[in-house]
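> The structure under discussion is supplied below as structure tokens; questions concerning it will follow.
The values are calculated or read from the model by the stated rules, or taken from the named source; none is laboratory data. Keep in mind the model is a prediction, meaning the values are calculated, not measured. Cβ placement follows ideal geometry from the backbone for every residue including glycine, while neighbour counts extend to all protein chains displayed.
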Amino acid sequence: MSDPRTPLTLSSAFLLVGIFAAFGAQQTAVKLAVADIGPIAQAALRSAGGAALLALWFVLRRTNPFAAPFALSVLLGVLFAVDFGLLYVGIALTSASHATVLYYTAPMMIALAAMTAIADEPFDGGKIAGIAIAFVGVAIVALVRPAGGAGGASLVGDLLCLGAAAAWALTVLVIRATRLKTVDASVVLFHQLFWSVPLLAATAFVWGDATLRWSATALGSLAFQTIAVAFIGYLVFFRLIQLHPASQVSAMSFLAPLFGVLSAWAILGERLTPGFAIGAGAILVGLYLTNRARRNVPCPRSP
């Protein structure tokens with residue numbers, strides 16, 4: 001059956017470029033503020049701010065955001081907390097550029113599981129090739145160990161970011177395999193943010209990661225993560241998914257790691273070695289090939 005939505009327009013394409021630029025630059029924003037606000041505390045504040053803004057949006061729309069299965073919603077919150085807890089700690093331990101390209105291996109994990117574990121997508125040669133190319137890129141990136149320093153990469157941080165990608169993939173599979181796939185995307189996103197707040201806050205407190213220094217850099221970083229990414233970015237992205245074919249929208253997600261690497265280089269001064277460039281390029285190619293032929297609507301979660 002043909003997709004009744006309209007083809008991607010030029011204005012929507014420009015919006016997507018801006019959205020994926022924000023998604024990619026988020027890792028750089030986290031890295032900028034990590035000296036003033038610990039990584040898990042940042043994740044908790046981001047979730048709290050995003051949930052509060054979404055709650056206000058639901059009030060204005062007179063929509064009930066709790067219209068979702070309770071147990072599954074809590075499970076989403078747990079997975080979301082694991083996802084961003086691992087990612088933010090990983091960003092603190094490795095370079096923002098490594099964090100970005102490794103985290104965006106999640107769509108390849110999702111595509112592979114969709115063809116095998118939950119079998120809701122047919123096998124596709126282009127996807128398999130994309131997944132294989134991407135994971136060759138992962139191996140190259142993980143083996144690249146640039147000189148140390150503030151922006152230096154570490155194997156532990158890289159592995160934590162891959163673990164975060166796996167949590168993202170598992171979140172999407174839970175949504176696609178359960179009743180949550182019929183729930184409005186913004187409601188599912190709200191539950192991920194809402195239930196992750198106490199888990200991340202408690203983890204930050206127990207870990208001793210709750211110290212806050214409200215510098216201008218920290219405030220700007222949190223504002224960007226919360227308003228530009230966790231609220232406006234997600235809502236606009238989901239709206240574009242409703243208006244245009246999912247395959248056209250999701251195919252542009254390869255821009256996020258590209259912008260992530262560029263922002264890490266331009267803002268943090270991270271050095272991009274030839275080996276890293278080759279590995280990152282392979283991941284970008286794999287992400288593009290994996291998403292290019294996808295027809296299923298990307299599940300509601302946060303990039």
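> Just checking, does the range 213-236 include any residue being surrounded by fewer than 18 Cβ atoms within 10 Å (Cβ to Cβ), in contact (Cβ under 8 Å) with a residue 40 or more places away in the chain, in contact with a Lys or Arg (Cβ under 8 Å, 6 or more places away or on another chain) and part of a helix (DSSP H, G or I)?
no
> Could you check the range 82-108 and list, in sequence order, the residues that are in a helix (DSSP H, G or I) and in contact with a Cys (Cβ under 8 Å, 6 or more places away or on another chain)? If you could, list the steps in order and put the result at the bottom.
In the first step, residues of the range 82-108 are kept if they are in a helix (DSSP H, G or I); the result is 82-93, 96-103, 106-108.
Answer for the range 82-108, where residues must be in a helix (DSSP H, G or I) and in contact with a Cys (Cβ under 8 Å, 6 or more places away or on another chain): LEU86, LEU87, GLY90, ILE91, HIS98, ALA99, LEU102, TYR103.
> May I pose another question? Restricting attention to the range 46-53, does a residue exist that is of a type in the set (D, E, K, R), in a helix (DSSP H, G or I), in contact with a helix residue (DSSP H, G or I) (Cβ under 6 Å, 6 or more places away or on another chain) and closer than 30 Å to VAL156 by Cβ? Spell out how you get there, then give the answer.
So in the range 46-53, the residues of a type in the set (D, E, K, R) come out as 46.
Pick out the ones that are also in a helix (DSSP H, G or I) and you get 46.
From the residues that got through so far, the ones that are in contact with a helix residue (DSSP H, G or I) (Cβ under 6 Å, 6 or more places away or on another chain) too are 46.
Cutting the leftovers down to closer than 30 Å to VAL156 by Cβ gives us 46.
Taking every residue of the range 46-53 in turn, at least one turns out to be of a type in the set (D, E, K, R), in a helix (DSSP H, G or I), in contact with a helix residue (DSSP H, G or I) (Cβ under 6 Å, 6 or more places away or on another chain) and closer than 30 Å to VAL156 by Cβ.
> Scan the range 75-109 for residues that are aliphatic (A, V, I, L, M) and either under 14 Å from GLY137 (Cα atoms) or at pLDDT below 90 (or both) and jot them down. Please lay out each step first, then the result.
Step one: list which residues in the range 75-109 are aliphatic (A, V, I, L, M), which gives 75-76, 78-79, 81-82, 86-87, 89, 91-93, 96, 99, 101-102, 106, 108-109.
Once the filter is applied, which keeps residues that are aliphatic (A, V, I, L, M) and either under 14 Å from GLY137 (Cα atoms) or at pLDDT below 90 (or both), the range 75-109 yields ALA99, VAL101, LEU102, ALA106, MET108, MET109.
> Would you please list the contacts, defined by Cβ atoms under 6 Å and residues six or more apart or on different chains, that run from a residue in the range 275-303 that is surrounded by fewer than 22 Cβ atoms within 10 Å (Cβ to Cβ) to a residue that is of a type outside the set (S, T, N, Q) and at pLDDT below 55?
Every condition considered, no pair remains.
> Now, a different point. Which pairs have Cβ atoms under 7 Å, sit 6 or more apart or on different chains, and link a residue in the range 82-104 that is surrounded by fewer than 24 Cβ atoms within 10 Å (Cβ to Cβ) to one that is in a loop (DSSP other than H, G, I, E, B)?
Final answer for the pair search is ALA92/VAL34; LEU93/SER154.
> Quickly run through the range 257-290 and pick out the residues that are assigned to a helix (DSSP H, G or I), over 16 Å from MET109 (Cβ atoms) and among the small types (Gly, Ala, Ser).
GLY260, SER263, ALA264, ALA266, GLY275, ALA277, GLY279, ALA280, GLY281
> Hey, another quick one. How about the range 60-81: which of its residues are part of a helix (DSSP H, G or I), surrounded by fewer than 21 Cβ atoms within 10 Å (Cβ to Cβ) and among the aromatic types (Phe, Trp, Tyr)?
Residue satisfying the conditions is PHE70 alone.
> Can I ask one more? Against the condition under 17 Å from the mean Cα position of the chain (by Cα) and either without any contact (Cβ under 8 Å) to a residue 60 or more places away in the chain or loosely packed, with under 15 Cβ neighbours inside 10 Å (or both), how does ILE267 come out, does it pass?
Working: under 17 Å from the mean Cα position of the chain (by Cα): no; either without any contact (Cβ under 8 Å) to a residue 60 or more places away in the chain or loosely packed, with under 15 Cβ neighbours inside 10 Å (or both): yes.
Spelling it out, it is not the case that ILE267 is under 17 Å from the mean Cα position of the chain (by Cα) and either without any contact (Cβ under 8 Å) to a residue 60 or more places away in the chain or loosely packed, with under 15 Cβ neighbours inside 10 Å (or both).
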